[in-house]
Amino acid sequence: MNKRFLVALLCLVIFQAQCASGSAKLFKTPEIEYEGFKVKHIDFSGATLEFYLGVVNNNRFGVKLAGMQHRFSMEEEEIFVSEMDDKIHIKPKDRTIVKIPIKVSFKEFKKGIGYIIETRRLPYRINSIITFDTAFGEIPVKIKKEGELEFPAPPDITVEDVDLDKMTIKQIKLIFSLRLENNDEVNLKIKSMNYAIRLNGTPISDGEISSFSEKRRSKTLNITIPVTIEMRNLKRSIIKVIASGKIDYQMLFNLNMKSEYGDYIIAIEKSGTAKL
């Protein structure tokens with residue numbers, strides 16, 4: 001191999017490298033930014049969100065969005081990872097809105113649904129890698145967005161009244177009148193409600209109610225719980241308290257909820273004093 005050939009080969013390699021470098025400089029990485037999101041559905045067990053990416057191609061030629069990876073976190077805890085390989089062609093000098101559907105279940109959220117109900121506003125972060133397929137190879141672009149998710153107000157139960165319906169030597173019958181209220185514009189799907197009742201710290205009754213309508217939105221539901229107590233099962237001190245016409249009650253409710261993200265429980269505690 002003579003020197004002229006070696007020199008020519010070296011010049012060719014340098015020329016090709018310069019051409020590739022110059023071509024790469026001609027490519028402008030598309031501009032990407034999050035332009036908002038929509039909460040399509042949310043409850044205390046999960047959420048369906050739709051984020052919107054604005055992608056601007058400033059090149060004189062089209063580019064192809066070849067893949068996306070998204071990592072969704074709440075309070076620094078990663079609870080959702082998604083990869084999409086939809087091919088989206090973006091025209092030269094054009095702007096495209098890309099929709100990112102995210103459906104998350106909070107079952108794996110370590111702080112639990114109770115924490116979500118109590119806090120109601122939780123910070124989130126979504127980290128995304130957007131990959132473009134170009135003539136110069138695949139080019140990944142990283143982008144992130146932070147914000148807050150606002151959860152609906154949880155349902156509540158009000159103890160409207162406690163009546164002494166009957167009192168004999170053998171039995172006492174109390175009627176608890178409750179009002180279940182949905183505090184937000186979100187459908188409630190209640191499977192059943194478990195309850196436990198105490199009078200002055202003494203357990204007197206527990207049970208389950210399952211006759212709920214499938215969905216209730218911004219409505220109240222009146223519930224009556226009749227409680228029959230056998231005298232022989234009561235302490236003398238509790239009998240005296242009931243006979244006095246004034247009782248302290250403690251009630252624990254578990255609302256067993258249905259959701260497209262899975263079943264979950266909302267616990268509600270109520271206590272107070274009632275005149276019979």
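Every read-out reported here was derived from the displayed coordinates using simple, explicitly stated rules and does not represent laboratory data. All values reported here derive from a predicted model rather than from experimental measurement. Every residue, glycine among them, receives a Cβ derived from its backbone with ideal geometry; neighbour counts consider all protein chains shown.
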| query | In the chain, which whole DSSP H runs stretch at least 24 Å along their own axis (Cα) and average 0.5 or higher on the Kyte-Doolittle scale? | reply | 3-26
| field | Given charges at beta-carbon only (K, R positive; D, E negative), |dipole| of the chain in Debye | value | 300 debye
| request: Treat every Asp and Glu Cβ in region 134-276 as -1 and every Lys and Arg Cβ as +1, leave all other atoms uncharged, and give the resulting dipole magnitude about the Cα centre to the nearest 20 debye. | output: 740 debye
| How long is the chain along each principal axis, judged by its Cα atoms, biggest number first, in Å? | 121, 35, 24
| said: Positive end of the dipole of region 201-272, charges at C-beta (+1 Lys, Arg; -1 Asp, Glu), about the Cα centre: which of THR228, LEU252, PHE212 has its Cα farthest in that direction? | reply: THR228
| remark: Charge dipole of region 146-238 built from unit charges on the beta carbon (Lys, Arg +1; Asp, Glu -1), centred at mean Cα; most positive-end Cα among ILE238, ALA153, LEU199 is ILE238
| Unit charges on C-beta of K, R, D, E only; dipole of region 85-156, Debye | 140 debye
